[in-house]
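The values are calculated or read from the model by the stated rules, or taken from the named source; none is laboratory data. The model shown is predicted, which means the values in this text are computed figures rather than measured ones. Virtual Cβ from ideal backbone geometry, glycine too; neighbours counted across all protein chains shown. For accessibility, only protein heavy atoms count, side chains too; no ligands or nucleic acids. Shrake-Rupley method; radii C 1.70, N 1.55, O 1.52, S 1.80 Å.
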Amino acid sequence: MAEFDVIVVGGGPAGATAALRLGQAGVKALLIEKAKAFPREKPCGGGLSSRVLVRFPYLKEVFEEVGVNQIRRVYLESPDGSNAVHEQPEPIMHLVRRWEFDAALFRRAAAVIPVEMGTTVRTLTVKADGVELEATDGRVFTAKMVIGADSANSLIARHAGLRVGEARDEFAVDMMEETPVAEMQAARPDTVSMFLTLTKTFGYGYIFPKKDHVNLGFGCKMDYYLTELRGKGKEHHAGWVDEMKAKGFVSGETQPAGYKAFPIPISGPLARTYADRVLLAGDAGGFVNAFTAEGIVYAMTSGDLAAVAAMQAVKAERFDTAQLASYEKAWKAEIGDDLAHSVDIQKRLFNDSGRIDSLVRAAGRDARLAELFIGYSMGASSYEELRGYMLKSSVPKWVMGRVKSALGFG
Ligand SMILES: Cc1cc2nc3c(=O)[nH]c(=O)nc-3n(C[C@H](O)[C@H](O)[C@H](O)COP(=O)(O)OP(=O)(O)OC[C@H]3O[C@@H](n4cnc5c(N)ncnc54)[C@H](O)[C@@H]3O)c2cc1C
C-alpha cells in the first residue's frame, strides 16, 4: 500500500511549485529534496521575464521579500560588435538571487506539505500498484505516482526511460560567478547586457546586475565545453571577465572561488514527459527556452501543470500513460509553441554568426524591431507580432531578408 498519493522529487522552482499546488489542494503528498536545508546553492543568472508575474501573481510578494532589481533596459551585442539597446517604462526582467528566491518558494511549499530534506533519491522502480523511491541512506518511499523535478541530470527521467541518448547534443554548460557589489560593479546597474555567440558555436555571455550582486556568465554547447575548453572553463571565464572590464562594462574584481558551471537543457522538452506513474517538470523534462536559456518561468509553469495532472489522476484513481497524457496536452497548449520556436531560432542563429550580426544591426536601426525581438524573447510579444512587423519595417529589404531567414520567417 503506497504511503503517499504523490511524491515530488526536487525542491527547486518546478518541484516547489508542484508541491505548493498539491499541498493547497490537500493531496497526500511528500516533497523530497537532497539539499540539507534552504537556502541552497543553485548556479543561475536569476533573470525572470515579467510574464512570470502574470502567471504567478504571488511572486509580487516573493520579490518584496527577497529583493529584486527591476530591469527596463537591455543591451544586445553581436559577434562583430554591432549593438542594439531597448529601453521601456515597464520592467522587462526581474533579477533575483536564486539563493533567496528558491528558499522563499520552498518555504511556501513546506508550509503545506511534508518535506524530507537531505534525502537523495537513488533509484525509481515503477510497479503495477505504485512507485518505489530508494534514497542513498537506504530508506524507501512509496507513492501512487511521482513528479520528477530533479533538475537537468534527472534520475527520475533516466530511470523512467524518458531521457535516453547523448547528453552532449542536448545540453549547454553555463559558467558563472555571482559577486557582491562591494567587489564588482556593473557600469549600468539598470541594464542587462547580452553578448550573443562568444564561441562561434552556440554561445552567449551576460551581465546581470542584481540588487546587491553582479552575475557574469557565459554559456556554450556541452560538446564545445568538453572538447575545446577541456577543463579550462574557469580560465576562459576569467578571460571573458577581463574583456568586460577592458570594455568598461564592469569594474572591480570577481570572486573566482565562486565560479560554477552547470548544465542547461537546450533542445526543448523531451520527446515524452510522462510515463506510467511518472511526470517530469522543469529542467528534468527539458523545459528551458533554448534560445534565451530562461528556465525558471517554464519550471514553475510545468510544475504547476504537473500538479494539476497528478490531482486529476488521484481523483480518477488512474496513473497510466493514457491518463497522464493530459499533462503533455496542457503544457503544449500553454508553452509548447514558445519552446518549439526557441529551439528553431537557436539553431538558425547560432549556426551562423553572420545572422546574429544582421539581426542585431537591424535592431540597432529600428527601435520597434528591437522592442519586438526582445519582447518576443521574454514572452511579452508574440511570434506573430514580430513576424508581422518584419513586413513593415523601414530596414532595407535585403537586411530584413537575412533577419527573417535567421528567425525562420523566410
Ligand atoms: C548558470 C546558469 C544560469 C541560468 N540563468 C538563468 C536565468 O537567468 N533565468 C532563468 O530563468 N533560468 C536560468 N537558468 C536555468 C534555470 O536555472 C533552470 O531552468 C531552473 O533552475 C530549473 O528549475 P528546476 O526546479 O527544474 O531545477 P533546479 O532549480 O535545479 O532544482 C532541482 C532540485 O532538485 C534537487 N535534486 C536533484 N536531484 C535530486 C535527487 N536525486 N533527489 C532529491 N533531490 C534532488 C536539487 O537539489 C534541486 O534543489 C540558468 C541555468 C544555469 C545553469
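Can you work out the accessible area per residue across the range 346-407, with the rest of the protein chains kept in place, probe 1.4 Å, in square angstrom?
I get 46 Å² per residue for this part.
The Rg/Rh ratio for the range 63-186, using Cα coordinates for both the radius of gyration and the Kirkwood hydrodynamic radius, is 1.08.
Counted residue by residue at 0.36 nm each, then reduced by the alpha carbon distance between them, the extension gain from Glu64 to Glu183 reaches 40.4 nm. Backbone amide hydrogens, once placed in the peptide plane, bring His213 within less than 5 Å of Val181, excluding anything fewer than 5 places away on its chain. Helix 337-350 and the longest principal axis of the C-alpha atoms of the chain enclose an angle of approximately 40°.
Here's how it looks for Thr123: its modeled amide H is under 5 Å from those of Glu134, which are all 5 or more places away or on a different chain.
3J(HN,Hα) along the range 173-186: 10, 9, 10, 8, 9, 10, 10, x, 5, 5, 9, 9, 10, 7 Hz, from the Karplus curve 6.51 cos²θ - 1.76 cosθ + 1.60 with θ = phi - 60°, whole Hz, x for Gly and Pro. When the pairs Lys42/Lys211; Lys28/Lys260; Lys36/Lys260; Lys211/Lys347; Lys60/Lys247; Lys36/Lys127 are compared against a 25 Å limit on Cα-Cα distance, Lys28/Lys260; Lys211/Lys347; Lys60/Lys247; Lys36/Lys127 fall above it. For trypsin sites (Lys or Arg not before Pro), the sites in the range 35-96 that DSSP calls loop and that have at most 11 other Cβ atoms within 10 Å are Lys36. When the solvent-accessible area of the chain is split by element, carbon and sulfur atoms take up 51 percent of it, the probe being 1.4 Å. Asp137 sits among other residues whose Cβ lies under 13 Å from its own Cβ, and their net charge, with Lys and Arg +1 and Asp and Glu -1, is +2. A 1.4 Å probe over all protein chains sorts Trp99, Trp398, Trp331 by accessible area into Trp398, Trp99, Trp331, starting with the largest.
Potential lengthening of the chain between Thr125 and Val54 amounts to 21.8 nm, from the contour at 0.36 nm per residue minus the alpha-carbon distance. The translational diffusion coefficient of the range 267-410, from Stokes-Einstein at 25 °C and 0.890 mPa s with a Kirkwood hydrodynamic radius over alpha carbon pairs, comes to 148 µm²/s.
Normalising the average separation of contacting C-alpha pairs (under 8 angstrom, six or more residues apart) by the number of residues puts the relative contact order of the range 103-219 at 16 percent. Note on the chain: GNM, Cα springs under 10 Å; of Ala316, Ala160, Ala109, the largest mean-square fluctuation is that of Ala316.
Given a 10 angstrom Cα cut-off, can you work out which residue in Gly47, Gly336, Gly81 is the most mobile in a GNM of the chain? Comparing Gly47, Gly336, Gly81 in the GNM, the peak value goes to Gly81.
Can you figure out the FRET efficiency of Glu87 with Glu235, using R₀ = 41 Å and their beta-carbon distance, to the nearest 0.05? That gives a FRET efficiency of 0.75.
Computed with the Debye formula from one identical point scatterer per Cα of the chain, without solvent, the log10 of I(q)/I(0) at q = 0.07, 0.08, 0.09, 0.10 Å⁻¹ comes to -0.32, -0.43, -0.54, -0.67. With all pairs of separate Cα atoms included, the range 237-301 yields a Kirkwood hydrodynamic radius of 14.5 Å.
From the P(r) of the range 283-349, can you give the percent of Cα pairs sitting at distances over 21 Å?
30 percent
Each of Arg387 and Asp344 was given a label point 7 Å from its Cα along the Cα-to-Cβ line. The distance between the two points is 0.6 nm. Think of it as helices only: each DSSP H run of n ≥ 4 in the chain is worth -39500 (n - 2.57), and spread over all residues that comes to -11500 deg cm²/dmol at 222 nm. Taking a ≥ b ≥ c as the square roots of the Cα gyration tensor eigenvalues, the range 346-407 comes out oblate, since a/c reaches at least 1.5 and a/b does not exceed b/c. Each 10 Å bin, from zero up to the one with the longest distance, holds this percent of the alpha carbon pairs of the range 176-316: 11, 33, 29, 17, 8, 2, 0.
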